[in-house]
Amino acid sequence: MDKSRKKFVDVIDKATVDGSSLHCDERLFTYKGILYPVTLCSPETFKALESFEARSDDIILAGYPKSGTNWVSQILNDLIAISEKKTPGTESGVNNEELEEFPYLEVGDPEKYERMTRLPSPRFIVTHLRPENLPKSIFKSKAKILLLIRNPKDIAASFYHFSNRLAIFPSYETWDDFFVAFMTKKMTWGCYLEYLSKWNKYADEKNVMPITYEELKEDPVLGVKNIAAFFGISLTEEQLQLVVERSSFQSMKKNSQKTHGAFGNAFFRKGGVSDWKNLFSEDQNEKMDKAFEEHVGGTKLGRKLKYEVYCKA
Ligand code: A3P
């Protein structure tokens, strides 16, 4: 296995082993009103996170679980490698191998942030957190944040399947049970519609670039070009093609045992748009349509998601 992925695989493997010895009710804890997995996060780490010092050149990817964060992480890792004159996929990850940290900011032990001070710039950071739960320094430093969003129905469908495959999360006997939890704010990392509404307040900031899963899927070449431009990374045509090809669903799924270990198939499930149509009932469609309108209808992020295109039967 690629050494730079070892940390990631070890953390996920350990969390799933630890989680499987816990009853579903014991797998989550609440911090500041939001649920998190006990096997990945802790109140002590959240406390330590408050004093995390962001750097202006940190490269930050913000996305709710199942919005495609592993996909866009791969794109960003390759872009950073290119900006450092390395060939994507041939050398260790962005963060120096010995100092490698699990890339999700809020996951790990409280000493993680101290260790992160020794990472060379640019540091690559991913987070599922809402903006108000991020350390203040992230916004103060003006570090650039790529905000990845996905239509809420596919988020729900993807999260349902994922929850039932990884013992990090509670499992659900039926889709209907999951749907109730999703709509009643009982999700790990909080309610997705609230997440969108909170991030919407930052959608116009110069250092925040929203991008949708669907636009990246529809035109990956343009998507990668836009991401590179936002972070000020220049690419040759050949490099662009390489990044696009390496981040295609097929390539990532094929490589997933090496990059994500035994749970590779759970991280790379279908990789498409509209799988929600296999799960949502008419009544559930109506409920989601209404809730979406209430939370983000008419807002910048709400419009960007093209709900009419991607979420109507
Ligand atoms: P599905 O469950 O709908 O297949 P995250 O990485 O944030 O956990 O998101 C996981 C979702 O992104 C999964 O959706 C997964 O299949 C999809 N995904 C992962 N890599 C992808 C890629 N290269 N292209 C498109 N979708 C991808």
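What to note about this one:
- Contact order for the chain, expressed relative to its length and based on alpha carbon pairs under 8 Å spaced 6+ residues apart, stands at 25 percent.
- DSSP bridge pairs, region 3-310: antiparallel proportion in percent, nearest 5: 20
- Region 164-313: C-alpha gyration tensor shape, a/c 1.5 cut-off, then a/b vs b/c: oblate
- Ellipticity at 222 nm from helices only: DSSP H runs of n ≥ 4 in the chain, each -39500 (n - 2.57), divided by the residue count, give -13000 deg cm²/dmol.
- Virtual spin-label span in nm between residue 173 and residue 136, 7 Å along Cα→Cβ: 4.8
- Ranked by the mean number of other Cβ atoms within 10 Å of their residues, highest first, the peptides 253-265, 134-146 come out as 134-146, 253-265.
- The alpha carbon gyration tensor of region 1-134 gives principal lengths a ≥ b ≥ c with a/c of 1.5 or higher and a/b greater than b/c, which makes the shape prolate.
- Rolling a 1.4 Å probe across the protein heavy atoms gives the chain an accessible surface of 45 Å² per residue.
- Anisotropy class of the chain from Cα gyration tensor, a/c 1.5 cut: rounded
- Percent carbon-and-sulfur accessible area, the chain, ignoring ligands, DNA and RNA, probe 1.4 Å: 50
- Pairwise FRET efficiency - residue 237 versus residue 47, Cβ, R0 = 41 Å, nearest 0.05: 0.30
The values are calculated or read from the model by the stated rules, or taken from the named source; none is laboratory data. Owing to the predicted nature of the structure, the values given are computational and were not obtained by experimental measurement. All Cβ positions, glycine included, derive from the backbone under ideal geometry; neighbour counts span all protein chains shown. When the accessible area is computed, the model is the full protein with side chains, heavy atoms only, and any ligands, DNA or RNA have been set aside. Shrake-Rupley method; radii C 1.70, N 1.55, O 1.52, S 1.80 Å.
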